[in-house]
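A.B. asks: Okay, here's the structure, questions in a sec.
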Amino acid sequence: MLTRSKIKALIVLTCITLMSGCTATKFLKEGETFYAGADIKIKPQGKIGGKRELSKSLETLIIPEPNGTFLGMRPAVWLYTIAGTPKKKKGFRNFIKNKLGKPPVLLTDATPNETAQALEGQLNNEGYFKSTVSFEVKTNRKRSNIIYTVVLERPYRIRNIHYIFLDTMQIATLNEIKKTSLLKENQRYSLDLLSAEQQRIEEVVENAGYYYFDDRYLLFKADTTVGDRMIELDLTIEPGIPARARRIYRVKEVYVFPNYVLSNDSLATTGDTTLVDGFTYIDNQHNFKPSVITNVINLKPDSIYRRVNHEYTLSHLMGLNTFKYVNIKYRGNRRDSSGLRAYIYLTPMLKKSFRIKVDAVSKSNNFVGPGLEFTSTNRNIFGGAEMFQLKLNGSYEWQVRNKQTTSLNAIEIGAEASLSVPRFITPFKIRYNSAKYLPQTQLKVGYSFQQRLQYFRLNSSTISAGYTWRETTLKTHQLFPIDITFVQSTKTSAEFDALLAANPTLKNSFQNQFILGSRYSFTINTQLNDDIDQKYIVKKISRSNYYFNGTIELSGNIPHAIQSLKFTEEQEPYTFFNAPYSQYVRTQLDGRFYHQFSKHSKIATRIVAGVGYAFGNAENMPYIKQFSVGGSSSLRAFPARSVGPGTFNSLANDSIVFIDQRGDIKLEGNIEYRFDLIKVMKGALFLDAGNIWLIKEDSLRPGGQFNKSKFMNEIAVGTGFGLRFDFNFFVLRFDLAFPLRKPYREENNRWVIDEINFGSSAWRRENLILNIAIGYPF
């Protein structure tokens, strides 16, 4: 008779057997071993800094990459092998072998001799001349590692840099080139740094009008005989440089073809010819207003050629968001040997498009169900490259919760019309020709309808107008001076009315009201860097990137200031079209840091902090503007928007289970280690922490008020493991999480690590939460 203990033993034995099979060693032939990777050992000859960064740089040159392992297993190799030889190019077996599986990487696939030579070459490129690399193979059963030993000599450093070529070309920008040089005295020699300096100088020289100049004409001569491991650098011109590379050119004529089609070249370059502000505009379809295109072109007729004008023209024309391709070609001018003719070929996108999006996974508010979104786009609705979009969405959802006694259903229907114009529309003129990116003026009008079938109907109407512009590649600004929302609650049930009557704070949050707001947002994202010198610096210093977004919102201040001149405080709250309006200030900061350990693993962190304060015309922040934590992109070990405020336990009160818990203050932190498993399948280990609090005390939510001496002890903490299926065009994410600390428990009993019991069905039902979502959490 099989007892429970015997069944458990059988399961464990089966798992061990499967795991041993997944190591894939049984598929190896006699004498074969898996290549398990390589290690680099550095033996410095003296005191040498930067060894860790150098080791990481050398690791990128080691090939091949070993098969990925998980708990000692090689599941990708096992899948590849058991799939056999698929008879069809498509099908399940082909999917297993080529999508999930990977061929075994053996020691015989490694080439240590060639790799050692490549490492020595890289050491020379980095200034560590006369350093040597040797290797040793170590085999343990069916695994072989290669140890590369680097005898590292002290690096050579730059003593002086002489820009001899500048004197020969007589360039007026001599001082600029020297002052902004990437090369500094006493800097370690680096071939990559010299190459980056050549590219930078080419850009500066071309901006002075030397169209045919190329960094290939720049030649560094290094003298290493000066002693004390120092180098004298002379930057000269390569012999035989063509005469045209020494000549300043002017753009004499600019031709614009706004409907160019490569497949029909002859027709695309013919049509009605119009002279627009000196530009020759050739159009056979007349879909665009000519001035809209010519106004954003920085290449002006009869002007000195500058590379920056070329790049800004490309950026501006693509920034119109109506052209699929932009190409600029230059030809000599027959009447002037120093003149150029610029031909700008523009291939439009499809003017009208329609997209349908289907959702069938869980949402962040803990509701699941089918959803549809229809988007209609017109990229040139008025002939001025204006983009008009109409979005319609609808969903039917039901909430999934443990310990739930009633079914909670919701219907959501929404519509939004938006118009985006690629320029500033303001009462005064703003010039942006010197900026690389075009600004956008945006106008949005929307309506959403949400009905919780057992409780209330919420109608929300919005209208906003503002601007989005990029200061640099990394920095983006968004300013919406007008951001108006009207929220109206209708058709409330008797049960919901009773809850509002008992909870004045909740009633104020749900009252019919206007939000007469303005908002500003600033974003910086280093992953978008495209500057030559900054790309070099980021590449050499680390494999890290960061993201920051700061937002501030103001509501009701201007109308309240005006109305306070006419009315007294006793007449508050003041109204706008017979409805009260909210007055508050709200800010939120979102910082993220990413560090790439290797090609297959990285760490991602995030800290979010926010605070909102209602005053004057309002006692509480509007419900839709308050903060919350918990859910698939927040604290994954807790149901969506269920944590807090403070030590308040909303999960213990089933009567308010449909009300998202929100507060005035938010603090949240996340850390996630991401790693590859097999091809499209990625893994993650994560830790989440955070909570929300109230600024003012709420008697119906005891423990919710923020206290600076206690808030750190009220942080909820959760952890878990995730599987992500990354198909490039979208990511399907499964995160299984459980709590480590529950803030609503007694102060000395909030950590629940010692209660973890995966073998208990009661514990699993109470604590395990599976989050299903699309995309990464941050």
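A.B. asks: Does the range 49-103 hold any residues that are in contact with a Phe, Trp or Tyr (Cβ under 6 Å, 6 or more places away or on another chain) and surrounded by fewer than 15 Cβ atoms within 10 Å (Cβ to Cβ), and which are they?
C.D. replies: The answer is PRO103, and nothing else.
A.B. asks: Go through the range 29-40 and report how many residues are surrounded by fewer than 16 Cβ atoms within 10 Å (Cβ to Cβ) and either over 17 Å from ALA110 (Cβ atoms) or at pLDDT below 90 (or both).
C.D. replies: So the answer is 4.
A.B. asks: Could you look through the range 517-572, keep only residues that are among the basic types (Lys, Arg) and outside any helix (DSSP H, G or I), and pick out the one that is modelled with the lowest pLDDT?
C.D. replies: Looking at the filtered set, the residue picked out is ARG543.
A.B. asks: Filter the range 53-94 down to the residues that are among the charged types (D, E, K, R), under 16 Å from LEU106 (Cβ atoms) and either in contact with a helix residue (DSSP H, G or I) (Cβ under 8 Å, 6 or more places away or on another chain) or free of Cβ contacts under 8 Å to residues at least 12 places away in the same chain (or both) and list them by number.
C.D. replies: Selection gives ARG74 alone.
A.B. asks: Scanning for something under 32 Å from the mean Cα position of the chain (by Cα), surrounded by 14 or more Cβ atoms within 10 Å (Cβ to Cβ) and of a type in the set (D, E, K, R), does the range 742-762 turn up at least one residue?
C.D. replies: yes
A.B. asks: May I pose another question? How many residues, within the range 412-435, are among the β-branched types (Val, Ile, Thr), outside any loop (DSSP other than H, G, I, E, B) and within 21 Å of GLY383 (Cα to Cα)?
C.D. replies: 1
A.B. asks: Return the pairs, sorted by first residue and then second, in which the second residue is at pLDDT 90 or above and open to solvent by 20 Å² or more (accessible area, probe 1.4 Å), the first residue lies in the range 155-166 and is part of a loop (DSSP other than H, G, I, E, B), the beta carbons are less than 6 Å apart, and the residues are 6+ apart or on different chains.
C.D. replies: Qualifying pairs under 6 Å: PRO155/ARG188; TYR156/PHE129; TYR156/TYR189; TYR156/ARG229.
A.B. asks: Out of THR313, THR280, I need the residue that is touching a strand residue (DSSP E or B) at 6+ places or on another chain (Cβ under 6 Å), over 30 Å from PHE129 (Cβ atoms) and not in a loop (DSSP other than H, G, I, E, B). Which one?
C.D. replies: None of the other options fit; the residue is THR280.
A.B. asks: Please go through (1) open to solvent by 30 Å² or more (accessible area, probe 1.4 Å); (2) touching a Ser or Thr at 6+ places or on another chain (Cβ under 7 Å); (3) modelled with pLDDT of 90 or more for VAL368 and return the number of the only condition it doesn't satisfy.
C.D. replies: Only one criterion is unmet by VAL368, namely (3).
A.B. asks: Identify the residue in the range 477-497 that is of a type in the set (A, V, I, L, M) and open to solvent by less than 60 Å² (accessible area, probe 1.4 Å) and, among all such residues, is farthest from ILE463 (Cα to Cα).
C.D. replies: Out of the qualifying residues, it is VAL487.
A.B. asks: Does PHE648 fit the bill of being among the aromatic types (Phe, Trp, Tyr), modelled with pLDDT under 85 and either part of a strand (DSSP E or B) or farther than 26 Å from GLY683 by Cα (or both)?
C.D. replies: Considered against the rule, which asks whether it is among the aromatic types (Phe, Trp, Tyr), modelled with pLDDT under 85 and either part of a strand (DSSP E or B) or farther than 26 Å from GLY683 by Cα (or both), PHE648 comes out as no.
A.B. asks: Sort out which residues of the range 223-258 are of a type in the set (Gly, Ala, Ser), open to solvent by 60 Å² or more (accessible area, probe 1.4 Å) and either within 30 Å of VAL292 (Cβ to Cβ) or not in a helix (DSSP H, G or I) (or both), and write them in order of number.
C.D. replies: GLY240
A.B. asks: Of the residues in the range 610-629, how many are basic (Lys, Arg) and on the phi > 0 side of the Ramachandran plot?
C.D. replies: Count: 0.
A.B. asks: Hey, another quick one. When both residues are 6+ apart or on different chains and their Cβ atoms are under 6 Å apart, which pairs have a first residue that lies in the range 706-721 and is touching a residue at least 60 places away in the same chain (Cβ under 8 Å), and a second that is surrounded by fewer than 16 Cβ atoms within 10 Å (Cβ to Cβ)?
C.D. replies: GLY720/LEU736
A.B. asks: Take the residues in the range 588-627 that are out of contact with any strand residue (DSSP E or B) (no Cβ under 7 Å at 6 or more places or on another chain) and among the charged types (D, E, K, R); name whichever of them is nearest to TYR520 (Cα to Cα).
C.D. replies: Result: GLU619.
A.B. asks: Is it the case, given these coordinates, that ASN691 is under 20 Å from the mean Cα position of the chain (by Cα) and surrounded by 17 or more Cβ atoms within 10 Å (Cβ to Cβ)?
C.D. replies: For ASN691, the condition - under 20 Å from the mean Cα position of the chain (by Cα) and surrounded by 17 or more Cβ atoms within 10 Å (Cβ to Cβ) - is not met.
A.B. asks: Please indicate, with yes or no, whether at least one residue in the range 322-332 is among the hydrophobic types (A, V, I, L, M, F, W, C) and within 29 Å of the chain's Cα centre (by Cα).
C.D. replies: yes
A.B. asks: Looking at GLY630, is it within 29 Å of ARG764 (Cα to Cα) and modelled with pLDDT of 85 or more?
C.D. replies: Yes: the conditions hold for GLY630.
A.B. asks: When the range 130-146 is examined, which residues are found to be touching a strand residue (DSSP E or B) at 6+ places or on another chain (Cβ under 7 Å), assigned to a strand (DSSP E or B) and either small (Gly, Ala, Ser) or over 11 Å from ALA116 (Cβ atoms) (or both)?
C.D. replies: Within the range 130-146, SER134, VAL137, LYS138, ARG143, SER144, ASN145 qualify.
A.B. asks: Here's a check for you: in the range 570-604, which residue that is open to solvent by 40 Å² or more (accessible area, probe 1.4 Å) and of a type in the set (S, T, N, Q) is nearest to SER544 (Cα to Cα)?
C.D. replies: It comes out as GLN596.
A.B. asks: Take the residues in the range 328-346 that are over 22 Å from THR294 (Cβ atoms) and at pLDDT below 85; name whichever of them is least open to solvent (accessible area, probe 1.4 Å).
C.D. replies: ASP336
The values are calculated or read from the model by the stated rules, or taken from the named source; none is laboratory data. Bear in mind the structure is a predicted one, so any value in this text is a computation, not a measurement. Note: ideal-geometry Cβ built from the backbone for every residue, glycine included; neighbour counts use all protein chains shown. For the accessible areas, the whole protein counts, side chains as well, though only heavy atoms, and no ligand, DNA or RNA atoms are used. Shrake-Rupley method; radii C 1.70, N 1.55, O 1.52, S 1.80 Å.
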